[in-house]
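Visitor: The structure follows.
The values are calculated or read from the model by the stated rules, or taken from the named source; none is laboratory data. All figures in this text were calculated on a predicted structure; none of them were measured in a lab. Cβ atoms come from the backbone with ideal geometry, glycine included; neighbour counts cover every protein chain shown. Each accessible area value is taken on the protein alone, full model and side chains, heavy atoms only, with ligands, DNA and RNA left out. Shrake-Rupley method; radii C 1.70, N 1.55, O 1.52, S 1.80 Å.
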Amino acid sequence: MCGIAGIASLALEPGSVSDGELARMLPQLRHRGPDQEGVYLDPKRRMGLGHTRLSIVDLSGGVQPMCNEDSTIWVSFNGEIFNFIELRKDLEAAGHVFRSQSDTEVIVHAYEEYGDEFVEQLNGQFAIALWDAGRRRLLLIRDRIGILPLFYTVLDGRLLFASEIKAILPLLPTAPRLSALAIDQIFTFWGPRSPYTVFEDVFEVPPGRMLI
């Protein structure tokens, strides 16, 4: 498993994201990915992606966040794409050039080829944060069953997201408050119902959903 984290300015204002903030988030995810840490920061600091990696597929070439050839598409990905070899063959036949053997790179080129529907091509378990710099779009995606987690909150015009809630907490101005609704759901259903979590104003991306 790996850890993903990020910050996006909902107004896309320059200078609203700092690498120092990402540096405060990633240590909370280091247990998920002890082999490598990476950060991508949009040149105008409107968007930042972080990643802690557990190296399994392509140990040396699968460094994240990963981008396409012209650095306009960036992805931080947790999980595994089971059919990445078959997808890679189709994408290479369509003219895409790969620089690694990682299943992560399939995500980048599949998005280029199929657009938002690329996720329909994926057979696997995954949480994906994909930044389309050219179109200024952020996609947050979970697999159909919701095997891999992905949480988010909106604060002061910015979207904060991570694989675990505790990676978001260092950027909150105050300690989070327990959600009375979630506590009621825990006693009724054994756990909060998606998209709710035990904290007020902190949500999960529901299984099988894409947030844009």
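Here's the yes/no breakdown for (1) surrounded by 14 or more Cβ atoms within 10 Å (Cβ to Cβ); (2) within 15 Å of the chain's Cα centre (by Cα):
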{"residue": "SER102", "(1), (2)": "yes, no"}
{"residue": "GLU105", "(1), (2)": "yes, yes"}
{"residue": "GLU120", "(1), (2)": "no, no"}
{"residue": "ASP143", "(1), (2)": "yes, yes"}
{"residue": "LEU148", "(1), (2)": "yes, yes"}
{"residue": "TYR152", "(1), (2)": "yes, yes"}
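Visitor: Would you confirm, using the coordinates I've provided, whether GLU113 is open to solvent by 20 Å² or more (accessible area, probe 1.4 Å), modelled with pLDDT of 90 or more and either of a type outside the set (Lys, Arg) or part of a loop (DSSP other than H, G, I, E, B) (or both)?
Guide: Against the criterion (open to solvent by 20 Å² or more (accessible area, probe 1.4 Å), modelled with pLDDT of 90 or more and either of a type outside the set (Lys, Arg) or part of a loop (DSSP other than H, G, I, E, B) (or both)), GLU113 qualifies.
Visitor: Hey, among the residues in the range 191-212 that are free of Cβ contacts under 8 Å to residues at least 60 places away in the same chain and of a type in the set (A, V, I, L, M), which one's least open to solvent (accessible area, probe 1.4 Å)?
Guide: VAL202
Visitor: State which residue is surrounded by the fewest Cβ atoms within 10 Å (Cβ to Cβ) when the search covers only the range 33-53 and only residues that are closer than 15 Å to VAL63 by Cα and in contact (Cβ under 8 Å) with a residue 60 or more places away in the chain.
Guide: Step by step, filter the range 33-53, then rank; the result is TYR40.
Visitor: Further question: Is the range 58-74 home to any residue that is part of a loop (DSSP other than H, G, I, E, B), at pLDDT 90 or above and buried (at least 16 other Cβ atoms within 10 Å of the Cβ)?
Guide: yes
Visitor: Related question: Among the residues of the range 122-141, write down those that are crowded, with 18+ Cβ neighbours inside 10 Å and part of a loop (DSSP other than H, G, I, E, B).
Guide: LEU122, ALA133
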